[in-house]
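The values are calculated or read from the model by the stated rules, or taken from the named source; none is laboratory data. Source: prediction; values computed, not measured. Neighbour counts are summed over all protein chains in view; Cβ atoms, including those assigned to glycine, are modelled from backbone coordinates with ideal geometry. Just the protein is used for accessible areas: all its heavy atoms, side chains included, with ligands, DNA and RNA removed. Shrake-Rupley method; radii C 1.70, N 1.55, O 1.52, S 1.80 Å.
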Amino acid sequence: MLASNGRLKIAIQKGGRLTDDSLALLRACGFDFEFQKRSLYSPCRNFELDILALRDDDIPEYVQDGVADLGIVGENIVRERSAKVKKLLPLGYGKCRLTISVPRGANVRSIAGLKRKRIATTYPATLSHFLRSRQIKAEIITLSGAVELAPSLDVADAICDVVSTGTTARLSGLREIHTVMESEAALFTGRKTASDPKKMQLIESILIRISGSLQARGRRYMMLNAPSASVPKLKRIIPSLKSPTVVPLADEGMVAVHSVIAEDVFWDVMEKLKKAGASDIIVVPIETIIR
Ligand code: AMP
């Protein structure tokens, strides 16, 4: 039986915004599995781990109750479900904000203007908690989707919804007035799993793999050749992981410099390196960095 096969279970969103990134992360960690969206679980061939494909709304409860030992889900969903789970690692994707917006022409500039207004949302628990904490009495209209349409249908005066770029809200003629919370996908576990030493040992090794692959994300390994006299100058230019590796080449007076570099500064740094005497610059992807 699935629930008692002794293997670790990690729940991920079955089909949605977080699914592809979650699968890519697990694959980058070396887990070998075939993922079937329609089957509940996909076993890993090379690790005692089963991947459960679930609706993201259900993941916090399943992790809390120990049905899944780990879960990857948005922090916003965990907050909304008030689940008693422990965050192990933020994962850097699925970034979004839960914001309150009003129609562009509305005479509401701040949350104080929401008193006695109707606010449509799919996050009633988070919104209600937020309004209470600010002592604002407003009516919460709970919808199951397409919240941005509520003001134009005169169902609500404001909305509280999840946005990443804000484009949907802008296109619907809405203006953001407040951010209730920021969120990203994160790895969670529950109390029952945390009290099982065998499972915690497996989780430790999963955490090492995930952190390694998160560290490697956005970084490249760079190798270049240069006259040894230019090394001090190159060192000043390279924002290295620690200090760059410098190895002598067969050609006297020449060295190879190896270093890790952030993807977003690479092009900028590369021009400076060339000017400082670097040649034969090679940049390759990094799979993982274990510290
Ligand atoms: P989905 O149900 O497939 O839309 O995925 C929803 C989850 O993805 C949310 O609970 C958030 O954690 C995350 N997310 C990231 N960006 C957005 C966005 N622009 N709108 C809704 N959810 C987002």
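General observations
- Some residue of the range 165-185 being within 13 Å of the ligand (Cβ to nearest atom), out of contact with any helix residue (DSSP H, G or I) (no Cβ under 7 Å at 6 or more places or on another chain) and among the basic types (Lys, Arg): yes
- Close contacts from the range 211-238, counting a first residue that is free of Cβ contacts under 8 Å to residues at least 40 places away in the same chain and a second that is open to solvent by 70 Å² or more (accessible area, probe 1.4 Å), with Cβ to Cβ under 6 Å and a gap of 6+ residues or different chains, come to ILE237/LYS272.
- With a requirement of 2 or more residues that are over 22 Å from PRO151 (Cα atoms) and among the aromatic types (Phe, Trp, Tyr), none of the strands (runs of 3 or more DSSP E) lying completely within the range 83-133 satisfies it.
- Answer residue from the range 186-202, given it is of a type in the set (A, V, I, L, M) and away from the ligand (no atom under 11 Å from the Cβ) and is nearest to ARG97 (Cα to Cα) among those: LEU187
- Residue count for the range 3-20, restricted to those that are open to solvent by 50 Å² or more (accessible area, probe 1.4 Å), more than 10 Å from the ligand (Cβ to nearest atom) and at pLDDT 95 or above: 1
- Odd one out for MET222, checked against (1) open to solvent by less than 40 Å² (accessible area, probe 1.4 Å); (2) over 28 Å from LEU88 (Cβ atoms); (3) in a helix (DSSP H, G or I): (3)
- Of the residues examined, LYS115 is not one that is in contact with a helix residue (DSSP H, G or I) (Cβ under 7 Å, 6 or more places away or on another chain), surrounded by fewer than 14 Cβ atoms within 10 Å (Cβ to Cβ) and modelled with pLDDT of 95 or more.
- Any hit, the range 27-45, residues being within 16 Å of the ligand (Cβ to nearest atom), part of a helix (DSSP H, G or I) and free of Cβ contacts under 8 Å to residues at least 40 places away in the same chain: no
- Qualifying residue in the range 66-80 (condition: within 16 Å of the ligand (Cβ to nearest atom), part of a helix (DSSP H, G or I) and over 21 Å from ASP20 (Cα atoms)): yes
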